[in-house]
Amino acid sequence: LILRLLARLVLQLPDIEQIPTYQRRIVALRRLLVSLQPNVELSDDVVLHPRFYHPRSVRLNFADGAEIKRDVRIGRDGEIAGESTLSIGVGSQILSDCLLDCSSDITIGDGTHIGRACSIYTHTHQTDSREVPVLESPVNTAPVVIGSDVMIYSDVVILPGITIGDGAVVAVRSVVTRDVEPYAIV
């Protein structure tokens, strides 16, 4: 270990995390630690990269071959009581720096790709009344359903209550404000 650190300093080798054997062990350890938590169901081939965060009040259900890349955060509004579920289908991927708001359920089908830095929201604040201050406005929740074989490119924002049909494609930096039909390109 000391020789590797010294070699890295002297020869400017890549970070230790990039060494495949070490990285595989870290990913396996992370998967094991997450799978031991209550409310977590991970199939055999699920891959969880470092810095994946989720609150205990969100039930995780990940199918075979699902992969969650680095720095994916799952959160929820603090005012919401009870549990919600994040379900990810067979072979689906969520790339780095995504934010998934699980104030309500999020369901992602099989073979779906969620690009880098996407945000999926399941709650919003009801701000249509002038009598209620914005910081005290009630919270509304609605689940998000993303079908199978969907391609969502980077920096996409998906709002509460949206359903994206099977085979749809959502372009870079889109804001999805209404349902997307199967096999549509938006």
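The values are calculated or read from the model by the stated rules, or taken from the named source; none is laboratory data. All values reported here derive from a predicted model rather than from experimental measurement. Note: ideal-geometry Cβ built from the backbone for every residue, glycine included; neighbour counts use all protein chains shown. SASA here: full protein model, heavy atoms, side chains in, ligands and nucleic acids out. Shrake-Rupley method; radii C 1.70, N 1.55, O 1.52, S 1.80 Å.
Quick look at the values:
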item	result
Pair list, Cβ under 6 Å, 6 or more apart: the range 133-145 residue more than 14 Å from residue 105 (Cβ to Cβ) and of a type outside the set (A, V, I, L, M, F, W, C), other residue open to solvent by less than 70 Å² (accessible area, probe 1.4 Å) and in a strand (DSSP E or B)	140/124
Residues of the range 74-89 satisfying the condition of being surrounded by 18 or more Cβ atoms within 10 Å (Cβ to Cβ) and not in a loop (DSSP other than H, G, I, E, B)	74, 84, 86, 87, 88
The range 102-129, subset in a strand (DSSP E or B) and open to solvent by less than 10 Å² (accessible area, probe 1.4 Å), residue farthest from residue 42 (Cα to Cα)	120
Checklist (1) in contact with a strand residue (DSSP E or B) (Cβ under 6 Å, 6 or more places away or on another chain); (2) loosely packed, with under 15 Cβ neighbours inside 10 Å applied to residue 44, failing item	(1)
Single condition residue 14 does not satisfy, out of (1) open to solvent by 80 Å² or more (accessible area, probe 1.4 Å); (2) modelled with pLDDT of 95 or more; (3) of a type outside the set (D, E, K, R)	(2)
Number of positions in the range 130-147 that are open to solvent by less than 40 Å² (accessible area, probe 1.4 Å) and in a loop (DSSP other than H, G, I, E, B)	3
Test set (1) hydroxyl-bearing (Ser, Thr, Tyr); (2) open to solvent by less than 30 Å² (accessible area, probe 1.4 Å); (3) farther than 16 Å from residue 74 by Cβ - residue 92 fails condition number	(3)
Which listed residue, of 90, 47, 72, is within 23 Å of residue 27 (Cβ to Cβ) and touching a helix residue (DSSP H, G or I) at 6+ places or on another chain (Cβ under 9 Å)	47
Single residue of the range 160-186 satisfying the filter (among the hydroxyl-bearing types (Ser, Thr, Tyr) and open to solvent by less than 70 Å² (accessible area, probe 1.4 Å)) that is nearest to residue 122 (Cα to Cα)	163
Qualifying positions in the range 55-67 - free of Cβ contacts under 8 Å to residues at least 40 places away in the same chain and either touching a Ser or Thr at 6+ places or on another chain (Cβ under 9 Å) or buried (at least 18 other Cβ atoms within 10 Å of the Cβ) (or both)	57, 59, 60, 61, 62, 64, 65, 66, 67
Selection count where residues are farther than 20 Å from residue 71 by Cβ and in a loop (DSSP other than H, G, I, E, B), scope the range 148-166	9
Where residue 107 falls short, out of the listed (1) touching a residue at least 60 places away in the same chain (Cβ under 8 Å); (2) under 17 Å from residue 149 (Cα atoms)	(1)
